[in-house]
Amino acid sequence: MHLFLADPDTAPFLADELRRAAPGSALRDIDGLGFAADVNLDGLLLAFARQTLPDAVEVHAASINAWADRIIESVAGIFPDDQPWRLHLWPQYGEGKAGQNRCELIRASLMERLKKRRRHMLRSLVDTDAVFDCHTSLVQGVLTSPETGWLSVAPAPRAYALRSLISSFPRGEVPLADDKSAPSRAFTKLVESEQRLGRQIERGQTCVDLGASPGSWSYVAIQRGASVIAVDRSELREDLMRNPRLHFETADAFKYRPPQTVDWLVCDVIAAPQRSIDLLIEWLREKRMRNFIVTIKFKGHDEYPLLDVLKREAQPLCAEFHLTRLCANKNEVCAFGVV
Ligand SMILES: C[S@@+](CC[C@H](N)C(=O)[O-])C[C@H]1O[C@@H](n2cnc3c(N)ncnc32)[C@H](O)[C@@H]1O
């Protein structure tokens, strides 16, 4: 049984997405958390799953030390020796800090026990949000009350193999970036996508920014040292328009073709979802970019099944393909990846 976490406002859309991906499989609604389902995870993409806990089991642990023992039992002898592993542990109950404090105490008890009995495991426990490599194992624990919850154990290379479903950020939550000098808050979407992908726009790279105005995506690319072709009907903020590494084109984003393959396509154009989906598939087929971050924007809630085409068509064209409703997204999802 796998556990798929939902945001409270998108749980019904995650349920629909799971039903479409695995018709006929039973979904168990875990109130306030998400859904448990026995579906095939290979190649599965779920835009509305905030995090996935593969092979999750329900746990009852009467005390902090019992939780620590339970976690150690579930990983000892299972995770490859002397290879890195990570622990994501968080509360999903109550208000205030009680749950958070309990998780910290469980973590402290676990460290104490490892120090006494399994020092090699303590040495290989790493604390980072970096994307998974094929050597890293992951244990996730979610407390639904002080004494109950779920544990999921993913020995290497499973977290890496399922990296389009399992976020390297605990609970799948990426803290929003902050930069008061950016032309708009939209830059948080670009930065979050980069973090989830584990790749940044880099110095010397080329970047096409479709639907670029007022310019916060171009601003990030320029700050990173890239050159940008910014395409929009409206100009970008004045300082960006003057930047020698930015070339502005007044053009229709859907008709624009780059003169040669670029390192990045970034696209945040306001358009019907089908148009943005078609644009991305066309750019992928024509191999016009090496990496991409594309927002798909929705008006209502009934257009989400359009994403199924994108999953089917785009994934095979990519070395890496992610489709996620970002923490920074409103009624949007973001497709990002490597061609
Ligand atoms: C959400 S804004 C982009 C924000 C931008 N990413 C930023 O960070 O500042 C969407 C932009 O898409 C542009 N747009 C909409 N349709 C377009 C089209 N067909 N061609 C070019 N730009 C278009 C709009 O003019 C608008 O500036």
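Scanning segment 217-231 turns up no residue that is surrounded by fewer than 19 Cβ atoms within 10 Å (Cβ to Cβ), aromatic (F, W, Y), assigned to a helix (DSSP H, G or I) and without any contact (Cβ under 8 Å) to a residue 60 or more places away in the chain. Taking the criterion of being within 13 Å of the ligand (Cβ to nearest atom) and either in a strand (DSSP E or B) or under 21 Å from the mean Cα position of the chain (by Cα) (or both), the residues of segment 193-216 that qualify are S193, C207, V208, D209, L210, S216. Which members of segment 137-161 meet the condition of being buried (at least 23 other Cβ atoms within 10 Å of the Cβ) and either β-branched (V, I, T) or part of a loop (DSSP other than H, G, I, E, B) (or both)? Selection gives V139, V142. The set of residues from segment 119-156 being among the β-branched types (V, I, T) and within 20 Å of E320 (Cα to Cα) comprises V131, T136.
If you go through segment 248-260 one residue at a time, do you hit one that is touching a residue at least 24 places away in the same chain (Cβ under 8 Å), closer than 18 Å to L190 by Cβ, in a loop (DSSP other than H, G, I, E, B) and within 7 Å of the ligand (Cβ to nearest atom)? Yes, segment 248-260 has at least one match.
From the set of residues in segment 169-192 that are of a type in the set (G, A, S) and within 17 Å of A335 (Cα to Cα), which is nearest to the ligand (Cβ to nearest atom)? Among those residues, the one meeting the criterion is A186.
Considering (1) in contact with a strand residue (DSSP E or B) (Cβ under 9 Å, 6 or more places away or on another chain); (2) not in a strand (DSSP E or B), the lone condition that E73 does not fulfil carries the number (1).
Looking at N243, is it assigned by TED's automatic domain parsing to the domain that holds S216, surrounded by 15 or more Cβ atoms within 10 Å (Cβ to Cβ), out of contact with any Leu (no Cβ under 8 Å at 6 or more places or on another chain) and at pLDDT below 95? It is false that N243 is assigned by TED's automatic domain parsing to the domain that holds S216, surrounded by 15 or more Cβ atoms within 10 Å (Cβ to Cβ), out of contact with any Leu (no Cβ under 8 Å at 6 or more places or on another chain) and at pLDDT below 95. Among the residues of segment 62-71, is there at least one that is of a type in the set (D, E, K, R) and closer than 24 Å to L125 by Cα? There is at least one residue in segment 62-71 that is of a type in the set (D, E, K, R) and closer than 24 Å to L125 by Cα. Within the set S25, S63, S74, the sole residue that is loosely packed, with under 14 Cβ neighbours inside 10 Å, among the hydroxyl-bearing types (S, T, Y) and closer than 27 Å to Y160 by Cα turns out to be S25.
Conditions (1) charged (D, E, K, R); (2) within 29 Å of F292 (Cβ to Cβ), marked per residue:
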| site | (1), (2) |
| --- | --- |
| K115 | yes, no |
| A156 | no, yes |
| S167 | no, yes |
| E173 | yes, yes |
| V191 | no, yes |
| T206 | no, yes |
| W217 | no, yes |
| G225 | no, yes |
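With respect to the conditions (1) assigned to a loop (DSSP other than H, G, I, E, B); (2) in contact with a Gly (Cβ under 8 Å, 6 or more places away or on another chain), F292 falls short on a single one, namely (1).
Taking (1) touching a residue at least 40 places away in the same chain (Cβ under 8 Å); (2) surrounded by 20 or more Cβ atoms within 10 Å (Cβ to Cβ); (3) assigned by TED's automatic domain parsing to the domain that holds M289 in turn, S164 satisfies each apart from (3).
The values are calculated or read from the model by the stated rules, or taken from the named source; none is laboratory data. The structure presented is a predicted model; accordingly, all values stated were derived computationally and were not measured. Using ideal geometry, Cβ is built from the backbone for each residue, glycine included, and neighbour counts are taken over all protein chains shown.
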